[in-house]
1. Output the residues belonging to region A:107-152 that are closer than 17 Å to A:Cys88 by Cα, more than 8 Å from every other protein chain (Cβ to nearest Cβ), of a type in the set (D, E, K, R) and exposed (fewer than 15 other Cβ atoms within 10 Å of the Cβ).
2. Just give me the residues in region B:232-246 being buried (at least 24 other Cβ atoms within 10 Å of the Cβ) and within 11 Å of chain A (Cβ to nearest Cβ), in sequence order.
3. I'm told B:Met298 meets every condition in (1) crowded, with 17+ Cβ neighbours inside 10 Å; (2) out of contact with any Phe, Trp or Tyr (no Cβ under 9 Å at 6 or more places or on another chain) except one. Can you identify the failing condition by its number?
4. Could you tell me how many of the residues in region B:544-595 are closer than 15 Å to A:Ala100 by Cβ and in a loop (DSSP other than H, G, I, E, B)?
5. Give me the residue from region A:1-50 that is basic (Lys, Arg) and outside any helix (DSSP H, G or I) and, out of that set, farthest from the other protein chains (Cβ to nearest Cβ).
6. What residue, of A:Lys121, A:Lys82, A:Lys38, is within 30 Å of B:Ser205 (Cβ to Cβ), of a type outside the set (S, T, N, Q) and touching a residue at least 12 places away in the same chain (Cβ under 8 Å)?
7. If a residue has to be surrounded by 13 or more Cβ atoms within 10 Å (Cβ to Cβ), more than 14 Å from B:Ala213 (Cα to Cα) and not hydrophobic (A, V, I, L, M, F, W, C) to count, how many in region B:247-267 make the cut?
8. Collect the residues in region A:49-72 that are surrounded by fewer than 19 Cβ atoms within 10 Å (Cβ to Cβ), more than 21 Å from A:Glu24 (Cα to Cα) and touching a residue at least 24 places away in the same chain (Cβ under 8 Å), keeping them in residue-number order.
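The values are calculated or read from the model by the stated rules, or taken from the named source; none is laboratory data. Model, not experiment: these values are computed from the prediction. Virtual Cβ from ideal backbone geometry, glycine too; neighbours counted across all protein chains shown.
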Amino acid sequence: MENTVAQDTKMAEFLKVADQVAAEYAGRRGSVIPVLQKVQDQIGYLPPEVMQRIGERLGVPPAQIFGVASFYAQFRLEPVGKYVVKVCHGTACHVQGAGAITDALCDELGVADGETTEDGKFTVESVACLGCCSLAPVIMIEDNTYGRLTPDEARKIVREYGD
Amino acid sequence: MAKTGATAEVTVGLSSCGIAAGAADVFSAFQRQFEEKGVDVRLRRTGCIGMCYREPIVDVTTPGGAKYTYGGLTVDQVERVVDEHVVGGKPVDEWLVRADGRELPDEAYYDQQVRLVLRNAGIIDPESIDEYIEVGGYEALTKVVTSMTPDEVIDELKASGLRGRGGAGFPTGIKWDLARKAPGEQKYVIVNADEGDPGAFMDRSILEGDPHAVLEGLAIAAFTVGAQEGYFYVRAEYPLAIKRLRIAIENATERGFVGDNILGTDFSFKVHIKEGAGAFVCGEETALIASIEGQRGMPRLRPPYPAVKGLWGKPTNNNNVETYANVPWIISHGAAAYAAYGTETSKGTKVFALAGKIQRGGLVEVPMGLTIREVINDIGGGVPEGRTFKAVQLGGPSGGCVPAEYMDTGVDYESLTKTGAIVGSGGMIVMDDTTCMVDIARFFLNFTQDESCGKCTFCRVGTKRMLEILERITSGEGRDGDIELLQELGEKIISSSLCGLGQSAPNPVLTTIKYFRDEYEAHINEKRCPALSCKALITYDIDPDKCIGCTVCAKKCPVEAITGERKEVHTIDQELCTKCDACRQACKFDAVTVS
């Protein structure tokens, strides 16, 4: 019973965020993507109810909002962990062993690529080139970039991150 | 107060690569040292110095202007540099990588470079408009707005021979002319900063190191084509570039170089930043435009070209970051000076992001026409010790692999096209004998398949089928006829795709088949990976003659596949082994073999 109430409260907060951001962009052309980005920055992902609300506020059909959200890799339709560990799989990183880094991190955290840990702390995600090719292989957590990694070093970083 | 006459300033390279290598900590260490010891020397930040393989990089400059460069500097080393060099005036030779007046080995990295686009990167503080102005910044814009006509600017660009640096190489002067002549009052200019090629970081470095150069070029374009508004479309994965761009636009607006009534004339120009949302295809100009309009990034048929009908249906000039960064230099120094560099048809310079299996990887800018050999061996120092050069991948997922026999090909638009590769945006990934070319083809196709927008059947379905074939081949299930099927599919995808993504996605596959067919055949006919890379085709074993039973490998193995008593030969359980390579790296006795 309490769970549902908590969920409802959370959703109500999410919808408030959607209202606020949409209001900022009222009347501006081409605002769907920046609005989705700002909302996701604040609530972490884009639940269907939020996308519906954004559509209503911007005067855009919900199908179009969903079409945009599902097209771009940046938008998450499921919640993610507190920290998203992005493992670069660009060409230089691939050639320098990105696969081993992803394997090591997945093993360390007990998840598969793209999944979130049980405690909700980490999500491991393979991403396309982060642009730090001289330091391959590279991972990025929030705005922090780590380069020249060995699988062991990558494990150490997540073990100590956020403490 | 510590004696300060010895040093004028200390500069730390603080671009994304530098920061990732620890440069921010090094910067803080210098700050602390200066405070504790009362050192009164200017501590500055700069963008990418270019020697990425030596990050973190710190320059110490004397009052006379002599520069000493430290490479790979760690936080522990800062104190000695401060005491002996900054204060004491005596450089710590063993940590120097470059020094004015000395021919240190790393000097070879810069010998053949011509840094026009990167003229200020690594020298000025990218967050200071004053430093940009000090080195001649905004002089070109002033000249254009106060004393040139749009036609004169276009003539100058045409004479310079500047071609689009995003990959297509379309003559910039002609492009601007088309937008200028297009009917309509409202026009736009766009900077394509969606640098999505894996292995490319030229545009990121330019934006992080010298954002004003791009902004100035954009403003000149706006004046020339008659645009009132401009957009920077930047990948969201480049937060530092976005931050520095915001600062640059703010400062430029304050000083009247951007905004209303620029430099007191009636030319007004507003600039916005749009962040990408993680779609490689949005590097294609019509998809980019759709994205700015808030839609799915799906390319549109051309003609009409954006120059005539682009953003919101209005004439739009879209160019790459590097292209715009060239413009102020050309206006200030003249078209002839620019055309003095390069070849007959490919004028000027090109910035390359050198990475992969290379000793000296980083950002290099060379005259068009320098050979691949000169870039990779002379500038880049060649492949690591003990390895053999195999191929260089140029142009990212749209490009091709160039093998050793073509190393004397000049890096210019025409010469490279003959080999099947392209100049592309500038990504140059070096591969050696440990790289499996079939795996590389699979890697690129995996990428383009994922990024395909889905509009065209051949691209959407064809790349998937090609990928499936390549996955079968790399996992030991290749079949007779696979190579021919890949070629047939590849050619059909190229000819029936609407945009550059589909039209070039098969290139890495077709070029690797052309030059490395033997590797494909080994995978298919012998179930063997010559580079010993494809996991399904290799086996890890322990050599009983070399193993001394130290148990290190068993402890390292993440899946507990290694068994053995102390001081006895260990064995690997093939059923459990995931070929992660941890044991081979850990073994100090070379006892782990791969076959």
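1. If the condition is that a residue be closer than 17 Å to A:Cys88 by Cα, more than 8 Å from every other protein chain (Cβ to nearest Cβ), of a type in the set (D, E, K, R) and exposed (fewer than 15 other Cβ atoms within 10 Å of the Cβ), then A:Asp113, A:Glu142, A:Asp152 are the ones that fit.
2. Taking region B:232-246 and keeping what is buried (at least 24 other Cβ atoms within 10 Å of the Cβ), we get B:232, B:234-235, B:237-238, B:241, B:245.
Scanning region B:232-246 gives B:Arg235, B:Glu237, B:Tyr238, B:Ala241.
3. Condition (2) is where B:Met298 drops out.
4. Of the residues in that region, 8 qualify.
5. Narrowing region A:1-50 to residues basic (Lys, Arg): A:10, A:16, A:28-29, A:38.
Retained after the next criterion (residues that are outside any helix (DSSP H, G or I)): A:28-29.
Working: A:Arg28: 10, A:Arg29: 7 Å.
Here the residue is A:Arg28.
6. Values: A:Lys121 fails: within 30 Å of B:Ser205 (Cβ to Cβ); A:Lys82 fails: within 30 Å of B:Ser205 (Cβ to Cβ).
Unique residue meeting the criteria: A:Lys38.
7. Of region B:247-267, the ones surrounded by 13 or more Cβ atoms within 10 Å (Cβ to Cβ) are B:247-249, B:251-253, B:255-259, B:262-263, B:267.
From the residues that got through so far, the ones that are more than 14 Å from B:Ala213 (Cα to Cα) too are B:253, B:255-256, B:259, B:262-263, B:267.
Those left that are additionally not hydrophobic (A, V, I, L, M, F, W, C): B:253, B:255-256, B:259.
Result for region B:247-267: 4.
8. none
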